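Here the structure comes first, spelled out in structure tokens, and everything after it is commentary.
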Amino acid sequence: MNSELVYGAYILIWPALTLGVLGVICWAVARDVRKAKSSDEDLL
Amino acid sequence: MIGPAPEGYLCFRKRGPDLNENGFTQFSTLTVLLLLAAFYGGTYLLTLLIRKDKEDTSGFMVAGHHVGFGMGAASMTATWIWAASFYAAATSGYTYGVSGPIHYGLWGALMILFIYPFGRRFRKLAPNGHTLGELIHARHGASSQMILAVSNILGSVISLMVNFTAAGALVSVLSPLSFETGVIVAGVGVLAYTLTSGFRASVFTDFAQLVALMAIAIIIIPAVLFSAGGPSVMVEGLSRLTDEQANLFSVEAILHQGAPFFVAVLAYAIGNQTISQRLFAVREKHIKSTFVTATIGYGAIVIGLGMIGLMALSVGMEPIDGKMNNLIPQMVSTYLSPVFVALFFVLVIGSLSSTADSDLSALSTIMMADVYGKNIAGDNPSPRVMMLVGRITMIVATVAGLIFASFSLDILVMLVFVGALWGAIVFPVIVSCYWDRVTNAAFTWSVVAAMALFCIARFELLEMTGLTVLFFESLASVGGAVVIGLMVFGFFGRAAGLVAGVITLAAMLVFATGFLRDYMVLVASLTAYGASAVVCTAMTLFSKERFDFDLIAQRVGDYDNVEDESYMVPEAAK
């Protein structure tokens, strides 16, 4: 049971980490879009 | 979805109704064409959101130097992930077992991380720069710049070709469409959405492509794990692994997979304009956060998908036709429904397209800034001509990539030389940005000498025995010291870098001489680093020149205000 948990965690930690980074990137882009709109500038 | 496979099933797979004779899910021509049209059509429509009536050169090359943290991190991650990332990480997991995916993904991720301290220096020296070549041109002149530009161009053309090839292979494996059709659709699709807005389109679409790519990776990895029986079945399968494969600290994995990648960490980052372009494009204050986030994002996605290779090993899957690149499509086709296979298709197309559009932008920028701006136009570069040069470059590069990909050329020799060239330029490029005594001759001759010595070692043009092999092992030891020393220097400064370099050199001279000769490919790679460092340092020590680094910011400027006489003055100095 213990090794199953370790093995499962070893594989699933990567998609979990990916989800975290995806959240950070989406939050940062949303913030940049808001800033660009409020200052009437282009996002890119 | 289908349940866990019984013992031995995977070695003698049955053909299901939706599997082709190769054992992959078979889509109809219409389905694949619709998927491709949705992907490239959607991407093209996205670029309409940011299209301007009149693009300027700064926007086309570096998005005006003000890309934000989120877009920058997304773009860097998406660019660095190409189709080969998944296949190679899965191959590493299948070959080296538990530690395999980490030895692929971790070092690839560190390429992004280790360049950012140097990137901040590049940006400080040339706040209005577009390419690393421009900076080197301002520092040394044309010959050093062209060495860098040529290495960048070769790298991007190879990358384009590999990505188009991957598209052709995927389309031909999963549908009745031909390899050439896949290659052409990918090439035309990428060119269509990149041509008008250049780098701005590349960054904007990278964000959308990365969101899709990450979402699919987040779904597919657990889906394969649990459809294949979950962790319990995987743990049972661990008995199939050899001792080395079951060891998280496998020496075999480190020596064969980790070490060669580790050696290449700085070389890939310096030799790749797609990275330096983003260093010049992201807002200066966001360089660190952008590159750290991209490092984690790249590592998580690539290592995660590499775990599918480990799962394949655990369940006893044999790659079809012995081809390791079949592992992921095979696992997805075997354990998941066609909907997931379609998602995997989008994942690969997205990853290769994001890298290909970055390569097109990189190539166009090199031709615009390094070739036209610095070597043809003289003191009077025309923004209009520059834009034309950039767009023509994109078209020519796409056609070249399509032709090379269609002929399935053997690029191994080209890859060997480009890798060596990147290794040879690492020390001269970095040291030129910190040491005011380095000359153009020291830069140029150090690269030439390093390439010559690399060829002797790589192709064993001399008999590698006695003093000869000892000489090359010593140079390789210097190369190892250069790699470690520069990495430490980037983060902790000159004193720490020197100490790390000296300790590494001493350790390698003691432990590696007599041992490295069994790994001549590694010796040759390290020789490129070591020889260029020795020659560059020796010639520099004889130099009496002193360079004023402030001149770089004055010499590397914006091309859009050409009518204004102050166009060569950086924004920060105005």
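Numerical summary
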{"quantity": "Averaged over B:209-218, number of beta-carbon atoms from partner chains that fall within 10 Å", "calculated": "3"}
{"quantity": "B:Val67 long-range amide H proximity, modeled H, under 5 Å", "calculated": "B:Val282, B:Arg283"}
{"quantity": "Debye, to nearest 20: dipole size of chain B, +1 on Lys, Arg Cβ, -1 on Asp, Glu Cβ", "calculated": "780 debye"}
{"quantity": "Relative contact order [Cα under 8 Å, 6+ residues apart], chain B, whole percent", "calculated": "25 percent"}
{"quantity": "Most positive-pole-ward Cα, B:Ala528, B:Ala500, B:Val447, against dipole of the range B:412-543 from beta carbon charges", "calculated": "B:Ala500"}
{"quantity": "For B:Met214, B:Met539, order by how many other beta-carbon atoms lie within 10 Å, fewest first", "calculated": "B:Met539, B:Met214"}
{"quantity": "Rounded if a/c under 1.5, otherwise prolate or oblate - chain A, Cα gyration tensor axes", "calculated": "prolate"}
{"quantity": "Average other protein chain Cβ within 10 Å of Cβ, residues B:292-299", "calculated": "3"}
{"quantity": "Extension gain from B:Ser408 to B:Ala538, taking 0.36 nm per residue of separation minus the Cα-Cα distance", "calculated": "42.5 nm"}
{"quantity": "Distance between modelled label sites at A:Ser3 and B:Glu318, nm, 7 Å Cα→Cβ extension", "calculated": "2.6 nm"}
{"quantity": "Dipole of the protein assembly as shown, positive end: most advanced residue of B:Ser159, A:Gly23, B:Ile218 [Cβ charges, Cα centre]", "calculated": "A:Gly23"}
{"quantity": "Global geometry of chain B, whether rounded, prolate or oblate, following the gyration tensor of its Cα atoms and the 1.5 cut on a/c", "calculated": "oblate"}
{"quantity": "Electrostatic dipole magnitude of the protein assembly as shown [Cβ: Lys, Arg +1; Asp, Glu -1; Cα centre; debye, to 20]", "calculated": "840 debye"}
{"quantity": "Computed E for B:Val188/B:Val339 - FRET, C-beta separation, R0 30 angstrom, nearest 0.05", "calculated": "0.65"}
{"quantity": "Members of B:Lys285/B:Lys374; A:Lys35/B:Lys285; A:Lys35/B:Lys54 lying beyond 19 Å, as alpha-carbon distances in this model show", "calculated": "B:Lys285/B:Lys374; A:Lys35/B:Lys54"}
{"quantity": "Column: log10 I(q)/I(0), Debye, Cα scatterers of the range B:412-543, q = 0.09, 0.13, 0.17, 0.18 Å⁻¹", "calculated": "-0.24, -0.50, -0.85, -0.95"}
{"quantity": "The protein assembly as shown: C-alpha gyration tensor shape, a/c 1.5 cut-off, then a/b vs b/c", "calculated": "oblate"}
{"quantity": "Ellipsoid equivalent to the range B:298-392 - semi-axes via the Cα gyration tensor, in Å", "calculated": "45, 13, 11"}
{"quantity": "Simple Cβ-charge dipole of chain A, Lys/Arg +1 and Asp/Glu -1, about Cα centre, in debye nearest 20", "calculated": "120 debye"}
{"quantity": "Cα long-axis angle, helix A:2-38 against chain A (0 to 90 degrees, to the nearest 10)", "calculated": "0 degrees"}
{"quantity": "Listed peptides B:487-495, B:343-351 by packing density, highest first (mean Cβ within 10 Å)", "calculated": "B:343-351, B:487-495"}
{"quantity": "Qualifying GluC sites (Glu not before Pro) for the range B:397-504 [loop in DSSP, other Cβ within 10 Å: at most 12]", "calculated": "B:Glu463"}
{"quantity": "Cα→Cβ-extended label distance, 7 Å offset, between B:Arg51 and B:Ile503, nm", "calculated": "5.7 nm"}
{"quantity": "Taking B:Lys374, B:Lys54 and counting other C-beta atoms within 10 Å, the order from fewest to most", "calculated": "B:Lys54, B:Lys374"}
{"quantity": "Protection proxy ranking of B:378-388, B:123-133, B:445-455, B:544-554 - average other beta-carbon atoms within 10 Å, highest first", "calculated": "B:123-133, B:445-455, B:378-388, B:544-554"}
{"quantity": "Fewest-first ranking of B:Trp422, B:Trp435, B:Trp107, A:Trp27, using other Cβ atoms within 10 Å as the exposure measure", "calculated": "A:Trp27, B:Trp435, B:Trp107, B:Trp422"}
{"quantity": "Dipole of the protein assembly as shown, positive direction: furthest Cα of A:Gly8, B:Phe407, B:His65, with charges on the beta-carbon", "calculated": "B:His65"}
{"quantity": "Estimated [θ] at 222 nm from DSSP helical runs (n ≥ 4, -39500 (n - 2.57)) normalised by residues in chain B, nearest 500", "calculated": "-23500 deg cm²/dmol"}
{"quantity": "Peptide B:98-104, shielding by other chains (average Cβ, 10 Å cutoff)", "calculated": "1"}
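Taken together, the values in this text are just the output of simple stated rules run on the coordinates, not laboratory data. Since we're looking at a predicted model, the values are computed, not measured. With ideal geometry, Cβ positions are generated from the backbone for all residues, glycine too; neighbour counts draw on all protein chains shown.
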